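K.L.:
Take a look at the following structure, please.
Nothing in this text is a laboratory measurement; each read-out follows from the coordinates by a stated rule. The model shown is predicted, which means the values in this text are computed figures rather than measured ones. So basically every Cβ, Gly included, is an ideal-geometry build from the backbone, and we count neighbours across all protein chains shown.
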Amino acid sequence: MANPVEFDRWLDDEFVELNTELEEAYFAARAEIVRGDPDLDARREAILFDGAKLAAGVLDAGELPDDPVARYQLLGSVGGYLGAVRRHQIDTGHADVLAPAWTLAWTLAAPLGVAPRYVFAHQCLYGHRLFTALRDERIFVTYNALGVLAYRRAAHALRQIPPMGVSTPMTGYLLADARTALEDVLRFNRLLAAELDVDRFFFNVRPYFKPYRVGTKEYRGANAGDFAGINEIDLLLGLCRRDDPFYARILAEKAPYVPPEDQAPLRVAGTGPSILDQFLAAANAGRLTGELKQNAATFLDVCRAHGAAYSFHHNRLVRPYLVEPAGRSPDAEDLTASGPPLPVVLEFLERLSDLRAARNRPDLRTAHGDLRALRAAVDGS
Ligand code: HEM
């Protein structure tokens with residue numbers, strides 16, 4: 001009977017080898033998948049059946065870890081297997097084979113209150129698991145992970161400001177920390193754009209992030225936004241609002257996909273006054289002098305850095321790595337990680353980008369006017 005250690009060993013070795021061989025064949029054909037080749041079919045079947053056997057062995061052994069971290073890691077393991085099965089399109093017509101892996105995923109996820117699938121946290125915070133040995137997958141996962149860590153650092157700094165108030169010397173330190181963290185996000189995004197090959201990403205990396213079924217229910221794909229940090233930053237800065245139905249829906253939808261420790265921060269984010277509100281209150285009361293004014297100037301830098309990093313994501317990652325190759329490969333299916341058609345996802349991302357960059361959009365309530373008012377108060381005009 002298999003145990004989680006054997007399952008993980010297989011995932012680190014044979015699984016990576018099989019996926020890599022399959023990806024090289026797909027890449028040579030510049031295709032999402034290559035069918036009708038007995039060698040490739042044999043490799044796909046090895047993934048399907050060997051993984052299913054190991055997952056069933058773990059389930060039958062009946063000794064699932066009590067430790068929540070080990071449980072979550074094991075969910076990532078079985079989820080990685082199911083993600084690859086979906087990627088190679090061997091998930092249909094094999095419900096009997098996959099049933100133990102689905103049960104294992106549910107059993108692990110239920111007490112943690114998370115979706116029964118692997119998410120980006122499994123790849124970057126609970127290990128550094130890769131599907132293939134391909135250079136471009138390593139580059140993609142690593143820079144996404146570094147971006148996630150930098151967003152977390154910014155959120156950690158900003159979270160401490162509302163109870164402290166915006167006028168203290170510590171506030172200036174925390175804002176400067178958030179600014180450098182967000183500048184790091186942009187730096188990692190730029191490095192990713194410089195190093196990641198468009199076709200490799202499109203054909204060999206992206207397909208592992210698709211939605212997949214666990215039993216009868218489909219769970220949407222994974223992305224580097226599935227953490228509380230980015231939303232805490234939006235709300236603490238005052239660029240997005242919880243009472244905006246568009247944004248509230250994002251928070252609610254995301255909850256099962258963030259790691260367990262991010263669920264409470266996601267729930268409380270934005271329930272108090274934002275940092276922007278606090279600065280505006282001081283400016284309206286004519287108190288924006290000395291340290292407070294200096295802090296407000298740093299705050300405006302933080303907002304600019306957040307908008308710049310996310311605009312880069314939209315214009316220099318999403319467009320060239322997803323939208324443009326999709327236009328050249330009309331047959332590619334399920335282009336986005338979340339599942340809706342690409343134009344719908346693009347519109348959603350564009351709206352988020354405009355909120356985060358506080359753009360002046362007549363049809364949308366952004367923080368544009370408030371930031372301009374604060375800028376005027378800082379500049380003394
Ligand atoms: C969400 C694409 C890299 C952060 C998304 C989405 C897409 C996407 C399409 C929408 C979710 C969906 O798939 O439906 C890409 C591409 C990348 C890339 C093509 C690189 C080639 C990164 C990096 C970061 C990042 C490096 C940095 C941490 C985010 C965030 C969201 C997101 C925060 C969620 C939006 C939100 O709910 O706030 N990405 N991404 N992405 N991505 Fe990326």
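K.L.:
Please list, in chain and number order, the residues 5+ apart from Thr168 or on another chain whose amide H is under 5 Å from its amide H, with Hs placed from the backbone.
P.N.:
none
K.L.:
Mean-square fluctuation check for the chain, GNM, Cα pairs under 10 Å: which of Gly36, Gly80, Gly270 is largest?
P.N.:
Of the options given, Gly36 has the highest mean-square fluctuation.
K.L.:
What fraction, in whole percent, of alpha-carbon pairs in region 276-381 exceed 24 Å separation? Don't jump to the answer; show the numbers that get you there.
P.N.:
Details: 2297 of 5565 pairs.
Cα-Cα pairs of region 276-381 separated by over 24 Å account for 41 percent.
K.L.:
Within the chain, what is the number of lysine pairs with alpha carbons under 24 Å apart, leaving out pairs fewer than eight places apart on the same chain?
P.N.:
Working: Lys53/Lys210; Lys53/Lys217; Lys210/Lys254; Lys217/Lys254.
The number of close lysine pairs in the chain is 4.
K.L.:
Suppose we take every Cα in region 155-265 and form the convex hull; what volume per residue is that in Å³? Write out the running numbers ahead of the final one.
P.N.:
On the way: hull volume 15.0 nm³, N = 111.
Dividing the Cα hull volume of region 155-265 by its residue count gives 135 Å³.
K.L.:
Over the chain, what is the relative contact order in percent, taking alpha-carbon pairs closer than 8 angstrom and at least six residues apart?
P.N.:
Details: 513 pairs, mean separation 67.4, N = 381.
Relative CO of the chain lands at 18 percent.
K.L.:
If each residue's Cβ is checked for other Cβ atoms within 10 Å, how do Tyr81, Tyr126, Tyr257 rank with the fewest at the top?
P.N.:
Values: Tyr81 27, Tyr126 19, Tyr257 22.
So the ranking, lowest neighbour count to highest, is Tyr126, Tyr257, Tyr81.
K.L.:
Then there's this: When Val345, Val119, Val78, Val166 are ordered from fewest to most other Cβ atoms inside 10 Å of their Cβ, what list results?
P.N.:
Numbers: Val345 18, Val119 28, Val78 31, Val166 23.
With the fewest neighbours first, Val345, Val119, Val78, Val166 line up as Val345, Val166, Val119, Val78.
K.L.:
Hey, what number do you get for the chain at 222 nm if only DSSP H runs of n ≥ 4 count, each worth -39500 (n - 2.57), divided across all residues, to the nearest 500?
P.N.:
After summing the helix terms and dividing by the residues of the chain, the value is -20000 deg cm²/dmol.
K.L.:
Something else: With N set to the number of residues, divide the alpha-carbon radius of gyration of the chain by 2.2 N^0.38 Å and report two decimals.
P.N.:
Working: Rg = 22.5 Å, N = 381, 2.2 N^0.38 = 21.0 Å.
Scaled against compact globular proteins, the figure is 1.07.
K.L.:
Got a sec to turn the phi values of region 17-31 into Karplus ³J(HN,Hα) couplings, 6.51 cos²θ - 1.76 cosθ + 1.60 with θ = phi - 60°, whole Hz, x for Gly and Pro?
P.N.:
Once rounded to whole Hz, the list reads 5, 5, 4, 5, 4, 5, 5, 4, 5, 5, 5, 4, 8, 6, 10.
K.L.:
Run through all the Cα pairs of region 17-159 and give the fraction in each 5 Å bin from 0, expressed as whole percent.
P.N.:
2, 9, 17, 18, 18, 16, 11, 6, 3, 1, 0, 0
K.L.:
Also, I was wondering about something else. Mind listing the phi-derived Karplus ³J(HN,Hα) values for region 94-101, rounded to whole Hz, using 6.51, -1.76 and 1.60 with θ = phi - 60°, and x for any glycine or proline?
P.N.:
10, 4, 5, 5, 7, 3, x, 5
K.L.:
So if I place +1 on the C-beta of Lys and Arg and -1 on the C-beta of Asp and Glu, and nothing else carries charge, what would the dipole magnitude of region 4-118 be about its Cα centre? I want it in debye, nearest 20. If you can, show how the numbers build up before the last one.
P.N.:
On the way: 10 positive and 21 negative charges, 103 e Å.
For region 4-118, the charge dipole is close to 500 debye.
K.L.:
Follow-up question, since we're still on this one. Over region 242-330, what per residue volume does the convex hull of the Cα atoms give, in whole Å³? Provide the component values of the computation, followed by the final result.
P.N.:
Values: hull volume 13.6 nm³, N = 89.
Per residue, the Cα convex hull of region 242-330 comes to 153 Å³.
K.L.:
In whole angstrom, note down how far apart the Cα centers of region 119-195 and region 351-381 are.
P.N.:
Region 119-195 and region 351-381 have Cα centres separated by 24 Å.
K.L.:
What residues have an amide H closer than 5 Å to that of Tyr219, excluding those fewer than 5 places away on the same chain, when H is modeled at 1.01 Å from N in the peptide plane?
P.N.:
Tyr212, Arg213, Val214
K.L.:
Based on a Kirkwood Rh over C-alpha pairs, give the Stokes-Einstein translational diffusion coefficient of region 61-110 at 10 °C and viscosity 1.306 mPa s in µm²/s.
P.N.:
Values: Rh = 11.5 Å.
Translational diffusion coefficient: 139 µm²/s.
K.L.:
Looking only at Thr298, Thr20, Thr271, which one moves most when the chain is put into a Gaussian network model with springs between Cα atoms under 10 Å?
P.N.:
Its mean-square fluctuation being the largest, the pick is Thr271.
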